[in-house]
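The values are calculated or read from the model by the stated rules, or taken from the named source; none is laboratory data. Because the structure is predicted, anything quoted here is derived from the model rather than measured. Neighbour counts are summed over all protein chains in view; Cβ atoms, including those assigned to glycine, are modelled from backbone coordinates with ideal geometry. Surface areas here come from the heavy atoms of the whole protein model, side chains and all, with no ligands, DNA or RNA. Shrake-Rupley method; radii C 1.70, N 1.55, O 1.52, S 1.80 Å.
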Amino acid sequence: MTPFAWNGHSITVRLDEHEASLLARLPLLLAGVGLEADDAAAGRLYPAAYEEDEEADGEYRRLMTGELDRARSEDRDVFAETVRRGRYAIAVSDAEAWLRVIGDARLALAARRGILEGSDEWEQLIRIDPDLALVAWLGHLQAVLVDALADAMG
Amino acid sequence: MTAPAEAPIRVDDPESTESRDPGLPWNVVVWNDPVNLMDYVVWVFRRLFGHSEQEATRLMLAVHHEGRAVVASGPRERCELDVYRLHHHGLWATLEQG
């Protein structure tokens, strides 16, 4: 049973109740990024554009952070409005929003567990950390959804 | 040893980022990260830059094996927009000149 597939004009979705309820939590998780001080997830989802030029980076953030917030908020809204249990189809553009929400959730959860760079062994931690088990499961969904969207691309 | 009376102070010149050699192109750099899936990164390169699957895969593997790779070059404004689009897709991207 594959949760996502390209059917020639849209992306088909097949989720059971447990899967849908887990996914329905993601918009709230992401809306909370950066609300607490020193949130590693905020550092990962809003990385520097200029590594060695604080001033240029400040200017970039002044111009672009609001835009990025709006784009992510739209993605979360699309996701929240379309995710539910059952079998149904969503537009490719909506599926792309799903992909970004699922991907951002993985990055946020992993960042909060200190997985930012150079730790390719992190998957071993999945067995003992429920949040990382969620990261792995979301990774499975993301992989299948990427396949479906790559099929849509031709 | 005492601190010199005129301690080095970083002077923030608002024009500093504009005074670089305008002839040098800007590069968009994507950095390796342990969480994003390889297939997802390939899809993002195809989706954002219109690359073939082969070219997108080559770039993804360069990021993966070398830690970073230049994925686009051009005028600064366009590179900033590319960095924005890559950030929107969760990739770790920066821009630099040269």
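Of the residues making up the range A:32-71, those that are within 22 Å of B:Pro34 (Cβ to Cβ) and facing chain B (nearest Cβ under 9 Å) number 7. Taken over the range A:132-154, the residue count meeting the criterion of being exposed (fewer than 15 other Cβ atoms within 10 Å of the Cβ), more than 9 Å from chain B (Cβ to nearest Cβ) and in contact with a helix residue (DSSP H, G or I) (Cβ under 7 Å, 6 or more places away or on another chain) is 1.
Being within 28 Å of A:Asp147 (Cβ to Cβ) and among the hydrophobic types (A, V, I, L, M, F, W, C) is a property that A:Leu63 lacks.
Scan the range B:81-98 for residues that are within 10 Å of B:Val28 (Cα to Cα), more than 9 Å from every other protein chain (Cβ to nearest Cβ) and not in a helix (DSSP H, G or I) and the total you get is 1.
Exactly one residue out of A:Arg100, A:Arg85, A:Arg70 is of a type in the set (Lys, Arg), open to solvent by less than 80 Å² (accessible area, probe 1.4 Å) and either closer than 23 Å to A:Val135 by Cβ or at pLDDT 95 or above (or both): that is A:Arg100. Scanning the range A:43-67 for residues that are surrounded by fewer than 16 Cβ atoms within 10 Å (Cβ to Cβ) and without any contact (Cβ under 8 Å) to a residue 60 or more places away in the chain turns up A:Glu51, A:Glu52, A:Glu54, A:Glu55, A:Gly58, A:Arg61, A:Arg62, A:Leu63, A:Thr65, A:Gly66, A:Glu67. The number of residues in the range B:15-43 being modelled with pLDDT under 75 and either within 9 Å of chain A (Cβ to nearest Cβ) or buried (at least 19 other Cβ atoms within 10 Å of the Cβ) (or both) comes to 2.
Could you list, in sequence order, all residues of the range B:54-80 that are within 11 Å of another protein chain (Cβ to nearest Cβ) and closer than 24 Å to A:Leu138 by Cβ? Selection gives B:Ala56, B:His64.
As a summary of the residue check, A:Pro27 satisfies the conditions (1) within 13 Å of A:Ala108 (Cα to Cα); (2) assigned to a loop (DSSP other than H, G, I, E, B); (3) of a type outside the set (A, V, I, L, M, F, W, C) except for the one numbered (2).
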